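The structure under discussion appears below in the form of C-alpha coordinates.
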Amino acid sequence: RNWTTIKEYEDIKFDFFEGIAKITINRPEVYNAFRPQTNFDMLDAMDICRERSDIGVVVFTGTGDKAFCSGGDQNVKGVGGYIDKSGVPRLNVLDLHKAIRSLPKPVIAMVNGYAIGGGHVLHVVCDLTIASDNAKFGQTGPKVGSFDAGFGSSYLARQVGQKKAREIWFLCKQYTAKEAEDMGMVNKVVPLEQLEDETVEWCKTIMMRSPMAIRMIKRGLNAELDGQRGLMEFAGDATLMFYLMEEAQEGKHAFLEKRDPDFQKFPKFP
Ligand code: 2NE
(Lines give C-alpha, C1' and ligand atoms only; values in the text may rest on other atoms or scores of the structure.)
Protein backbone atom coordinates (compact mmCIF):
# COMPACT_ATOMS: atom_id res chain seq x y z
CA ARG A 1 0.00 0.00 0.00
CA ASN A 2 1.45 3.31 -1.07
CA TRP A 3 1.16 5.60 1.98
CA THR A 4 2.50 9.10 1.40
CA THR A 5 3.77 11.32 4.19
CA ILE A 6 1.49 14.24 4.98
CA LYS A 7 3.89 15.94 7.40
CA GLU A 8 7.05 15.04 9.31
CA TYR A 9 6.97 15.08 13.11
CA GLU A 10 9.29 14.22 15.97
CA ASP A 11 7.17 11.54 17.69
CA ILE A 12 4.62 10.39 15.14
CA LYS A 13 4.31 9.35 11.52
CA PHE A 14 1.45 10.95 9.59
CA ASP A 15 0.50 9.28 6.31
CA PHE A 16 -2.22 9.40 3.67
CA PHE A 17 -3.72 6.76 1.40
CA GLU A 18 -6.94 7.06 -0.63
CA GLY A 19 -8.84 9.25 1.84
CA ILE A 20 -7.37 7.66 4.97
CA ALA A 21 -5.07 9.58 7.32
CA LYS A 22 -2.93 7.35 9.52
CA ILE A 23 -1.37 8.68 12.73
CA THR A 24 1.28 6.28 14.04
CA ILE A 25 2.87 6.83 17.45
CA ASN A 26 6.51 6.24 16.64
CA ARG A 27 8.24 5.56 19.96
CA PRO A 28 8.66 1.76 19.89
CA GLU A 29 11.52 1.86 22.42
CA VAL A 30 8.95 2.79 25.11
CA TYR A 31 6.12 0.71 23.62
CA ASN A 32 4.71 3.86 22.01
CA ALA A 33 4.20 5.68 25.30
CA PHE A 34 3.36 9.34 24.79
CA ARG A 35 5.10 12.40 26.16
CA PRO A 36 3.81 15.98 25.79
CA GLN A 37 5.54 16.35 22.38
CA THR A 38 3.74 13.22 21.10
CA ASN A 39 0.39 14.76 21.96
CA PHE A 40 1.34 18.11 20.44
CA ASP A 41 2.27 16.24 17.24
CA MET A 42 -1.01 14.28 17.23
CA LEU A 43 -3.04 17.45 17.89
CA ASP A 44 -1.39 19.21 14.97
CA ALA A 45 -2.10 16.19 12.74
CA MET A 46 -5.73 16.17 13.90
CA ASP A 47 -6.08 19.84 12.88
CA ILE A 48 -4.90 18.87 9.39
CA CYS A 49 -7.39 15.95 9.35
CA ARG A 50 -10.16 18.38 10.21
CA GLU A 51 -9.25 20.91 7.53
CA ARG A 52 -8.53 18.57 4.61
CA SER A 53 -11.74 17.58 2.85
CA ASP A 54 -9.97 14.75 1.03
CA ILE A 55 -9.52 12.98 4.39
CA GLY A 56 -12.57 10.86 5.25
CA VAL A 57 -11.36 8.64 8.10
CA VAL A 58 -8.51 8.86 10.63
CA VAL A 59 -6.66 5.79 11.90
CA PHE A 60 -4.53 5.71 15.05
CA THR A 61 -1.88 3.03 15.54
CA GLY A 62 1.61 2.41 16.91
CA THR A 63 4.91 1.43 15.32
CA GLY A 64 5.81 -2.26 15.41
CA ASP A 65 3.97 -5.37 16.56
CA LYS A 66 4.37 -4.96 20.33
CA ALA A 67 2.30 -1.98 21.30
CA PHE A 68 -0.46 0.33 20.13
CA CYS A 69 0.29 2.69 23.02
CA SER A 70 1.44 2.08 26.60
CA GLY A 71 0.09 5.37 27.94
CA GLY A 72 2.03 8.20 29.52
CA ASP A 73 5.83 7.92 29.31
CA GLN A 74 6.85 7.12 32.87
CA ASN A 75 10.35 8.49 32.22
CA VAL A 76 8.99 12.04 32.02
CA LYS A 77 6.21 11.78 34.58
CA GLY A 78 6.98 14.53 37.07
CA VAL A 79 5.19 16.52 39.72
CA GLY A 80 1.93 17.80 38.26
CA GLY A 81 2.08 16.01 34.92
CA TYR A 82 4.31 14.79 32.13
CA ILE A 83 7.22 17.20 31.80
CA ASP A 84 7.76 18.84 28.41
CA LYS A 85 11.04 20.13 26.96
CA SER A 86 10.76 23.45 28.76
CA GLY A 87 10.03 21.84 32.12
CA VAL A 88 6.26 22.45 32.14
CA PRO A 89 4.12 19.58 33.53
CA ARG A 90 1.28 18.69 31.16
CA LEU A 91 -1.64 16.29 30.70
CA ASN A 92 -2.26 17.31 27.11
CA VAL A 93 -3.47 13.86 26.06
CA LEU A 94 -6.85 15.13 27.30
CA ASP A 95 -6.80 17.71 24.50
CA LEU A 96 -6.31 14.82 22.08
CA HIS A 97 -9.37 13.04 23.52
CA LYS A 98 -11.42 16.20 22.91
CA ALA A 99 -10.06 16.48 19.36
CA ILE A 100 -10.98 12.85 18.56
CA ARG A 101 -14.44 13.35 19.99
CA SER A 102 -14.93 16.62 18.16
CA LEU A 103 -13.58 15.60 14.73
CA PRO A 104 -16.62 15.34 12.41
CA LYS A 105 -15.12 12.23 10.79
CA PRO A 106 -14.76 8.67 12.09
CA VAL A 107 -11.59 7.82 14.02
CA ILE A 108 -10.48 4.17 14.16
CA ALA A 109 -8.02 2.66 16.64
CA MET A 110 -5.98 0.02 14.81
CA VAL A 111 -4.64 -1.81 17.88
CA ASN A 112 -1.50 -3.76 17.00
CA GLY A 113 -0.33 -4.83 20.48
CA TYR A 114 -0.63 -3.48 24.01
CA ALA A 115 -3.29 -0.83 24.59
CA ILE A 116 -2.47 -0.12 28.19
CA GLY A 117 -3.08 2.78 30.59
CA GLY A 118 -3.49 6.00 28.64
CA GLY A 119 -3.10 3.85 25.51
CA HIS A 120 -6.21 1.96 26.53
CA VAL A 121 -8.05 5.24 26.99
CA LEU A 122 -6.91 6.29 23.51
CA HIS A 123 -8.57 3.26 21.90
CA VAL A 124 -11.70 3.71 24.06
CA VAL A 125 -12.08 7.31 22.88
CA CYS A 126 -11.78 6.35 19.19
CA ASP A 127 -15.08 5.69 17.39
CA LEU A 128 -14.16 2.13 16.41
CA THR A 129 -11.47 -0.36 17.42
CA ILE A 130 -10.01 -3.06 15.20
CA ALA A 131 -7.46 -5.23 16.98
CA SER A 132 -4.87 -7.83 16.06
CA ASP A 133 -5.13 -11.19 17.82
CA ASN A 134 -1.94 -10.47 19.82
CA ALA A 135 -3.37 -7.24 21.27
CA LYS A 136 -3.73 -6.84 25.03
CA PHE A 137 -5.99 -4.38 26.78
CA GLY A 138 -5.98 -3.01 30.29
CA GLN A 139 -5.61 -0.20 32.76
CA THR A 140 -2.69 0.36 35.11
CA GLY A 141 -3.50 3.75 36.62
CA PRO A 142 -4.26 2.60 40.18
CA LYS A 143 -1.06 0.48 40.04
CA VAL A 144 1.25 3.29 38.90
CA GLY A 145 -0.29 6.35 40.54
CA SER A 146 -2.67 7.65 37.93
CA PHE A 147 -6.26 7.49 36.71
CA ASP A 148 -8.51 8.81 33.97
CA ALA A 149 -11.94 9.46 35.37
CA GLY A 150 -12.94 11.21 32.14
CA PHE A 151 -13.77 9.47 28.87
CA GLY A 152 -11.46 6.63 29.92
CA SER A 153 -14.03 5.71 32.58
CA SER A 154 -17.43 7.10 31.64
CA TYR A 155 -17.27 6.28 27.95
CA LEU A 156 -15.66 2.93 28.76
CA ALA A 157 -18.67 2.15 30.96
CA ARG A 158 -21.00 2.97 28.07
CA GLN A 159 -19.10 0.35 26.05
CA VAL A 160 -18.64 -2.50 28.55
CA GLY A 161 -21.14 -1.66 31.30
CA GLN A 162 -20.55 -0.32 34.79
CA LYS A 163 -19.50 -3.59 36.43
CA LYS A 164 -16.86 -4.41 33.83
CA ALA A 165 -15.59 -0.80 33.74
CA ARG A 166 -15.08 -0.90 37.51
CA GLU A 167 -13.38 -4.31 37.23
CA ILE A 168 -11.00 -2.98 34.56
CA TRP A 169 -10.02 0.01 36.71
CA PHE A 170 -10.08 -1.57 40.19
CA LEU A 171 -8.12 -4.75 39.34
CA CYS A 172 -5.82 -3.48 36.54
CA LYS A 173 -5.79 -6.90 34.84
CA GLN A 174 -4.93 -7.47 31.19
CA TYR A 175 -7.49 -8.77 28.69
CA THR A 176 -7.03 -10.53 25.37
CA ALA A 177 -8.38 -9.05 22.16
CA LYS A 178 -11.11 -11.71 22.16
CA GLU A 179 -12.13 -10.81 25.72
CA ALA A 180 -12.16 -7.13 24.79
CA GLU A 181 -14.34 -7.92 21.77
CA ASP A 182 -16.74 -9.97 23.92
CA MET A 183 -16.98 -7.05 26.36
CA GLY A 184 -18.01 -4.70 23.56
CA MET A 185 -15.01 -2.38 23.45
CA VAL A 186 -13.47 -3.90 20.30
CA ASN A 187 -15.34 -4.14 16.99
CA LYS A 188 -13.30 -6.83 15.32
CA VAL A 189 -10.24 -9.04 15.95
CA VAL A 190 -8.08 -10.27 13.06
CA PRO A 191 -4.64 -11.88 12.71
CA LEU A 192 -1.87 -9.28 12.99
CA GLU A 193 -0.86 -9.67 9.33
CA GLN A 194 -4.41 -8.78 8.27
CA LEU A 195 -4.83 -5.81 10.60
CA GLU A 196 -4.13 -3.02 8.15
CA ASP A 197 -6.02 -4.67 5.27
CA GLU A 198 -9.08 -5.09 7.47
CA THR A 199 -8.86 -1.52 8.76
CA VAL A 200 -8.50 -0.10 5.25
CA GLU A 201 -11.54 -2.17 4.19
CA TRP A 202 -13.60 -0.65 7.02
CA CYS A 203 -12.39 2.84 6.07
CA LYS A 204 -13.33 2.32 2.42
CA THR A 205 -16.79 1.08 3.36
CA ILE A 206 -17.34 4.09 5.63
CA MET A 207 -16.18 6.44 2.89
CA MET A 208 -18.83 5.06 0.52
CA ARG A 209 -21.47 6.32 2.99
CA SER A 210 -22.80 9.89 3.23
CA PRO A 211 -20.23 12.02 5.12
CA MET A 212 -22.96 14.30 6.48
CA ALA A 213 -25.01 11.34 7.75
CA ILE A 214 -21.92 9.83 9.41
CA ARG A 215 -21.06 13.21 10.92
CA MET A 216 -24.52 13.66 12.43
CA ILE A 217 -24.58 10.11 13.82
CA LYS A 218 -21.20 10.69 15.52
CA ARG A 219 -22.48 13.99 16.92
CA GLY A 220 -25.69 12.41 18.19
CA LEU A 221 -23.94 9.46 19.82
CA ASN A 222 -21.45 11.86 21.43
CA ALA A 223 -24.13 14.27 22.62
CA GLU A 224 -25.72 11.58 24.76
CA LEU A 225 -22.60 11.58 26.96
CA ASP A 226 -21.09 15.01 26.37
CA GLY A 227 -23.78 17.25 27.86
CA GLN A 228 -23.88 20.91 26.81
CA ARG A 229 -20.64 20.56 24.82
CA GLY A 230 -22.07 17.63 22.86
CA LEU A 231 -25.26 19.54 22.17
CA MET A 232 -23.21 22.54 21.08
CA GLU A 233 -21.38 20.45 18.47
CA PHE A 234 -24.63 18.82 17.33
CA ALA A 235 -26.26 22.26 17.12
CA GLY A 236 -23.25 23.64 15.25
CA ASP A 237 -23.80 21.07 12.54
CA ALA A 238 -27.53 21.81 12.46
CA THR A 239 -26.53 25.43 11.80
CA LEU A 240 -24.14 24.26 9.09
CA MET A 241 -27.01 22.44 7.39
CA PHE A 242 -29.33 25.44 7.81
CA TYR A 243 -26.71 27.63 6.11
CA LEU A 244 -26.90 25.27 3.16
CA MET A 245 -30.64 26.08 2.77
CA GLU A 246 -32.14 28.86 0.74
CA GLU A 247 -34.16 29.90 3.80
CA ALA A 248 -30.98 30.98 5.59
CA GLN A 249 -29.69 32.71 2.46
CA GLU A 250 -32.95 34.73 2.25
CA GLY A 251 -32.26 36.26 5.68
CA LYS A 252 -28.81 37.38 4.62
CA HIS A 253 -29.94 38.67 1.23
CA ALA A 254 -32.80 40.68 2.78
CA PHE A 255 -30.38 42.28 5.27
CA LEU A 256 -27.86 43.21 2.59
CA GLU A 257 -30.64 44.46 0.23
CA LYS A 258 -32.22 46.49 3.07
CA ARG A 259 -35.65 44.83 2.66
CA ASP A 260 -37.88 42.65 4.78
CA PRO A 261 -37.09 38.95 4.41
CA ASP A 262 -39.74 36.80 2.72
CA PHE A 263 -39.67 33.62 4.80
CA GLN A 264 -43.28 32.75 3.96
CA LYS A 265 -42.28 31.14 0.68
CA PHE A 266 -40.48 28.34 2.50
CA PRO A 267 -42.38 25.15 3.44
CA LYS A 268 -43.33 24.37 7.02
CA PHE A 269 -42.62 20.64 7.11
CA PRO A 270 -44.92 18.47 9.26
C1 2NE B 1 2.91 -2.42 28.31
C2 2NE B 1 3.49 -3.44 29.28
C3 2NE B 1 2.38 -4.26 29.92
C4 2NE B 1 4.40 -4.40 28.45
O5 2NE B 1 5.06 -5.29 29.32
P6 2NE B 1 6.30 -6.17 28.80
O7 2NE B 1 6.80 -6.94 29.97
O8 2NE B 1 5.91 -6.92 27.57
O9 2NE B 1 7.42 -5.11 28.30
P10 2NE B 1 8.31 -4.15 29.20
O11 2NE B 1 9.67 -4.73 29.33
O12 2NE B 1 7.62 -3.75 30.44
O13 2NE B 1 8.36 -2.84 28.25
C14 2NE B 1 9.19 -2.78 27.12
C15 2NE B 1 9.94 -1.48 27.16
O16 2NE B 1 9.02 -0.41 27.04
C17 2NE B 1 9.13 0.45 28.16
C18 2NE B 1 9.67 -0.44 29.26
O19 2NE B 1 10.28 0.35 30.27
C20 2NE B 1 10.67 -1.29 28.50
O21 2NE B 1 11.82 -0.54 28.24
P22 2NE B 1 13.30 -1.21 28.44
O23 2NE B 1 13.37 -1.73 29.85
O24 2NE B 1 13.36 -2.32 27.41
O25 2NE B 1 14.24 -0.10 28.15
N26 2NE B 1 7.83 1.00 28.50
C27 2NE B 1 6.65 0.35 28.42
N28 2NE B 1 5.65 1.15 28.81
C29 2NE B 1 6.21 2.33 29.14
C30 2NE B 1 5.69 3.58 29.60
N31 2NE B 1 4.36 3.78 29.78
N32 2NE B 1 6.57 4.58 29.85
C33 2NE B 1 7.88 4.41 29.64
N34 2NE B 1 8.44 3.26 29.20
C35 2NE B 1 7.60 2.23 28.95
C36 2NE B 1 4.36 -2.78 30.36
O37 2NE B 1 5.49 -2.21 29.75
C38 2NE B 1 3.66 -1.75 31.15
O39 2NE B 1 2.87 -2.05 32.02
N40 2NE B 1 3.95 -0.46 30.87
C41 2NE B 1 3.53 0.67 31.66
C42 2NE B 1 2.08 0.99 31.37
C43 2NE B 1 1.65 2.15 32.22
O44 2NE B 1 1.55 2.03 33.41
N45 2NE B 1 1.38 3.32 31.60
C46 2NE B 1 1.05 4.54 32.27
C47 2NE B 1 -0.38 4.50 32.82
S48 2NE B 1 -0.97 6.06 33.39
C49 2NE B 1 -1.43 6.84 31.93
O50 2NE B 1 -1.05 6.43 30.89
C51 2NE B 1 -2.30 8.05 31.97
C52 2NE B 1 -3.41 8.12 32.78
O53 2NE B 1 -3.75 7.11 33.56
C54 2NE B 1 -4.20 9.30 32.81
C55 2NE B 1 -3.88 10.33 32.00
C56 2NE B 1 -2.75 10.26 31.18
C57 2NE B 1 -1.97 9.11 31.16
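The values are calculated or read from the model by the stated rules, or taken from the named source; none is laboratory data. Computed from a predicted model, the values in this text were never measured in an experiment. Quick reminder, even Gly has a Cβ in these numbers, built from the backbone with ideal geometry, and neighbours come from all protein chains shown. The protein model used for the area step is the full one, side chains on, heavy atoms only, and it has no ligands, DNA or RNA in it. Shrake-Rupley method; radii C 1.70, N 1.55, O 1.52, S 1.80 Å.
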GluC sites (Glu not before Pro) within the range 1-85, DSSP loop, no more than 12 other Cβ atoms inside 10 Å:
E8, E10
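What whole-number value in Å² describes the accessible area per residue of the range 227-268 for a 1.4 Å probe?
80 Å²
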For the full complex of protein chains and a 1.4 angstrom probe, list M208, M232, M216, M110 by accessible area with the highest value first.
M208, M232, M216, M110
The chain, relative contact order [Cα under 8 Å, separation at least 6], %
13 percent
Beta bridges by DSSP in the chain, antiparallel share as percent, to the nearest 5:
40 percent
As a check on your grasp of the helix formula, calculate [θ] at 222 nm for the chain: sum -39500 (n - 2.57) over DSSP H runs of n ≥ 4, divide by the residue count, round to the nearest 500.
-14000 deg cm²/dmol
Taking K and R as +1 and D and E as -1, what net charge do the other residues with C-beta under 12 Å from the C-beta of N75 add up to?
+1
Translational D (Stokes-Einstein, µm²/s) of the chain at 4 °C and 1.567 mPa s when Rh comes from the Kirkwood sum over C-alpha pairs?
65 µm²/s
Could you report the accessible area of T5 in Å², rounded to 10, computed with a 1.4 Å probe on the protein chains as they sit in the structure?
80 Å²
Looking only at V79, V125, V59, which one moves most when the chain is put into a Gaussian network model with springs between Cα atoms under 10 Å?
V79
Filtered hits (aspartates and glutamates, Cα-Cα < 17 Å from K204, offset >= 8 within chain) -> D15, E18, D54, D127, E196
Within-15-Å neighbourhood charge of V58 [Cβ basis; K, R +1; D, E -1]:
+2
Could you compute the longest span of the chain free of trypsin sites (Lys or Arg not before Pro) located in DSSP loops and having at most 15 other Cβ atoms within 10 Å, not counting the site residues?
86-172
Can you check how the C-alpha radius of gyration of the range 119-169 compares to 2.2 N^0.38 Å, as a plain ratio?
1.11
Of the listed pairs K13/K66; K66/K218; K136/K173; K66/K188; K22/K188, those with alpha carbons more than 20 Å apart are K66/K218
Tally up the carbon and sulfur contribution to the accessible surface of the chain as a whole percent, 1.4 Å probe, everything protein left in place.
56 percent
I want the local charge near I130. Using Cβ-Cβ distances under 14 Å, sum +1 for each Lys or Arg and -1 for each Asp or Glu among the other residues.
-4
Whole-percent tail of the Cα-Cα distance distribution for the range 22-168, cut at 20 Å, equals 45 percent
In square nanometres, what is one fourth of the surface area of the convex hull spanned by the alpha carbons of the range 180-270?
10.1 nm²
Express the accessible area of the range 1-136 per residue in Å², computed with a 1.4 Å probe while the remaining protein chains stay in the model.
38 Å²
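What FRET efficiency would be calculated for the residue pair N2, L231, taking the C-beta separation as r and a Förster radius of 35 Å, to the nearest 0.05? Don't jump to the answer; show the numbers that get you there.
Working: r = 41 Å, r/R0 = 1.18.
With a Förster radius of 35 Å, E is 0.25.
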